[in-house]
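Here's the structure we're looking at; comments come further down.
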Amino acid sequence: MMIPLPDLVEGLLDGPRPLPIVTAGDPVLRTPVARYDGQLTDAQLGRLVLAMRETMHAAPGVGLAAPQVGIPLRLAVLEDPAEVTDEVRAIRARIPLPFRVLVNPTYEPIGDIRAAFFEGCLSIPGWQAVVARHAGVHLRGQDEYGRELDEEVSGWPARIVQHETDHLNGTLYIDHAITRSLTSAEALADRWSQPTPATAAAALGFEFP
């Protein structure tokens, strides 16, 4: 029997903090989830957003989608302080992304340019792979207050938007990844921490845009 969404959220919020993060293999990560159409009270939505933000910080990560905490709802939180070197910031276009909430987000690519970098996921801990993402996207949706979003996003923030929105469609980053680039977090730190994947590509035998 399916648990009503408000009861599922209340049960989650009554549990431990940070919230448990669902890992790959759970069907909730592979199922397109429902639009948010007011299924929760404003107070419930606010508490869920706060708990997701706390969980994202604790992980730590730069984004967290509701399915990653077991809630089948088109909702995600994003925040990236972008505490990286000037070289990495310039090459990856990784600029700070202030905290924001995406409700019912969708995106469309702007142009044909793609940027390929190592990417990870809190639901696949310990591993990363190179993903060629759209360098810029047109984001539409709402925020947590119901205000419409209609904007262009570029650089690393665009990567985060794509990653989290994909979660809401049952897609994980490994579905887009260059599989030959798959590397453990330990190997990434020891060998492949360069600003671009070029050194890893030469050594591991893969091509990227």
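The values are calculated or read from the model by the stated rules, or taken from the named source; none is laboratory data. Keep in mind the model is a prediction, meaning the values are calculated, not measured. Cβ placement follows ideal geometry from the backbone for every residue including glycine, while neighbour counts extend to all protein chains displayed. Ligands, DNA and RNA are stripped out before the accessible areas are found, and what is left, the full protein with its side chains, is counted by its heavy atoms. Shrake-Rupley method; radii C 1.70, N 1.55, O 1.52, S 1.80 Å.
Each principal axis of the Cα cloud of the chain was taken in turn, and the coordinate range along them, longest first, works out to 51, 33, 28 Å. Taking a Cβ cut-off of under 14 Å around T41, the surrounding Lys, Arg, Asp and Glu residues balance to a net charge of -4, with basic ones at +1 and acidic ones at -1.
Counting Cα-Cα pairs of the range 122-182 in 10 Å increments starting at 0 gives whole-percent bin shares of 20, 48, 25, 7, 0. Taking a Cβ cut-off of under 14 Å around V130, the surrounding Lys, Arg, Asp and Glu residues balance to a net charge of +3, with basic ones at +1 and acidic ones at -1.
Stretching D175 away from D150 to a fully extended chain increases their span by 6.3 nm, per 0.36 nm per residue minus the current alpha-carbon distance. Going through the range 44-141, which chymotrypsin sites (Phe, Trp or Tyr not before Pro) have at most 10 other Cβ atoms within 10 Å and a DSSP loop state? Listed in order of number, the matching sites amount to none. Averaged over its residues, the range 82-166 has an accessible area of 47 Å² per residue, based on protein heavy atoms and a 1.4 Å probe. Just checking the listed ones, I95, I174, I113: in the Gaussian network model of the chain with Cα springs under 10 Å, the one fluctuating most is I113.
The residues neighbouring L139, those whose beta-carbon lies less than 9 Å from its own, together hold a net charge of -3 under the Lys/Arg +1, Asp/Glu -1 convention.
Rounded to the nearest 0.05, what FRET efficiency is calculated for L50 and E207 with R0 set to 45 Å and r the Cβ-Cβ distance? Here the calculated transfer efficiency is 0.55. Evaluated with a Cβ-only charge set (Lys, Arg +1; Asp, Glu -1), the range 1-157 carries a dipole of roughly 300 debye about its Cα centre, given to the nearest 20. Measuring r between the beta carbons of L13 and D112 and using R0 = 30 Å, the FRET efficiency lands at 0.10. Once neighbouring chains are kept in place and the probe is 1.4 Å, which whole percent of the accessible area of the chain is contributed by carbon and sulfur? Summing carbon and sulfur atoms, their accessible area is 55 percent of the total for the chain. Restricting the range 63-112 to GluC sites (Glu not before Pro) that sit in a DSSP loop and have at most 15 other Cβ atoms within 10 Å of their own Cβ leaves E83.
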